[in-house]
Amino acid sequence: AWCAAFRPSVCGPGLLWVPAGLLATTGACLAVAHRALRAMACGPLTNALVRWPIALHFGWISAASLVNLNNWLARVRSPLPLKEAAASASVVAAVAAAAYVTATTRDPVFAAVIAWALAAVAADGAKSARGLVAE
C-alpha cells in the first residue's frame, strides 16, 4: 500500500501524510513481530535469517515514517517554527523509541538502525530540503 500511496500521481504534496501513516502502521506490525520473536528462544540460524532482518526492517520503517512525516510538513504551507519543532521532535521520538525497544527487548539491532538512520539524515546536511524550506 505504501508503494502505491507514495507515487506522485496518487498522493500529491498535500497528501504525503498518507504514506507516512502507512509506514507507521507497517512499523507497528513489525514491532509486534519483533517482540514475539524476542520472546522466543532463537538459535543462531533463526537470529540471522529471521530476527535480525525483522529488527533491521522495523528500524528502517520507523525512521522512514518520521522522515516522510517531515517531508510532508516541508512541502505544505506550515510555518518554519512548526517544521523545525517537528524535525526536533522526530529526533527525540526516534531516540526514545530506540531506547524503549532496546530496554524492553534486550535487542540492540533496532537502536543501531535508528542511529544509522539519524547519521544518514545528518550527513545529508539538509541537501534534500533545498527549495522546500526557506534558508
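A24 - would you say it is among the small types (G, A, S), at pLDDT 90 or above and in a helix (DSSP H, G or I)?
Numbers: among the small types (G, A, S): yes; at pLDDT 90 or above: no; in a helix (DSSP H, G or I): yes.
The answer is no for A24.
When the residues of segment 55-74 are narrowed to those that are more than 19 Å from R106 (Cβ to Cβ) and among the aromatic types (F, W, Y), which ends up modelled with the lowest pLDDT?
If we take residues in segment 55-74 being more than 19 Å from R106 (Cβ to Cβ) and among the aromatic types (F, W, Y), then W72 is modelled with the lowest pLDDT.
Can you work out which of the residues in segment 70-119 that are under 28 Å from A39 (Cβ atoms) and not in a helix (DSSP H, G or I) is least open to solvent (accessible area, probe 1.4 Å)?
D107
Please tell me if W52 is closer than 19 Å to A119 by Cβ, among the aromatic types (F, W, Y) and modelled with pLDDT of 85 or more.
Values: closer than 19 Å to A119 by Cβ: no; among the aromatic types (F, W, Y): yes; modelled with pLDDT of 85 or more: yes.
For W52, the condition - closer than 19 Å to A119 by Cβ, among the aromatic types (F, W, Y) and modelled with pLDDT of 85 or more - is not met.
The values are calculated or read from the model by the stated rules, or taken from the named source; none is laboratory data. The model shown is predicted, which means the values in this text are computed figures rather than measured ones. Cβ coordinates were reconstructed from backbone atoms using ideal geometry, including for glycine residues, and neighbour counts include every protein chain displayed. What goes into the accessible areas is simple: the full protein's heavy atoms, side chains included, and nothing from ligands, DNA or RNA. Shrake-Rupley method; radii C 1.70, N 1.55, O 1.52, S 1.80 Å.
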